[in-house]
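A.B. asks: Below is the structure I would like to discuss, written out as structure tokens.
Throughout, read-outs are computed from the coordinates displayed, never taken from laboratory work. Since the model is a prediction, treat every value here as computed from it, not as a measurement. Cβ placement follows ideal geometry from the backbone for every residue including glycine, while neighbour counts extend to all protein chains displayed.
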Amino acid sequence: MDSPRIFNVEEAEADAGRLTKDIDIAVRREDLARIADAVESVGLEYRHVAGVDMLLQKGQRPGRRAVHMIFDGPDPNVGHTLQGIPVVPLADLVTMKLTSFRLKDEMHLKDLDEQKLITPEIEARLSPLFRERLGQVRARD
């Protein structure tokens, strides 16, 4: 009698084991060369495609499964911690969400706005494009 084959979820679907297909990280632009060198040892390569800097599995075509790099993002040395975990300042989080501006980011922004966490001070710091995007979020039901 043959024993049943046990499947790992990623054997059936490579992305099924991940909660998200892509990852966004904030990095300092001056670290780009070091990052590109460091990721080669784990099978990733740096690519700049359509204005987006990303890390991909070697030989993979750009798509949803990538590590997208956002430059000049929040300084990891600024902000505070929550239960020992560094927390991105709220204004920087809002900027990151408005940069990515995917449906899930819009929902996060809506949640923040409904709790009155997007203050007039944060809104005043936004670029015209980001203020327009925030307006789109607020206009949705």
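A.B. asks: Would you mind computing, in nm to one decimal, how far apart the modelled labels at residue 136 and residue 32 are, each placed 7 Å from Cα along Cα→Cβ?
C.D. replies: Computed distance between label sites residue 136 and residue 32 equals 2.5 nm.
A.B. asks: Taking the simple approach of a point 7 Å from Cα along Cα-to-Cβ for both residue 57 and residue 107, what is their distance in nm?
C.D. replies: Going by the 7 Å Cα→Cβ label model, 2.6 nm.
A.B. asks: If you don't mind, another one. Can you give the net charge of the other residues whose Cβ lies under 10 Å from the Cβ of residue 130, counting K and R as +1 and D and E as -1?
C.D. replies: +2
A.B. asks: Report the convex hull volume per residue for the stretch 76-141, counting only C-alpha atoms, in Å³.
C.D. replies: 100 Å³
A.B. asks: Compute the distance in nm between two label points, each set 7 Å from the Cα along the Cα-to-Cβ direction, one at residue 25 and one at residue 125.
C.D. replies: The answer from the label model is 2.4 nm.
A.B. asks: Can you check what the net charge comes to around residue 58, using other residues whose Cβ is under 12 Å from the Cβ of residue 58 (Lys, Arg +1; Asp, Glu -1)?
C.D. replies: In short, 0.
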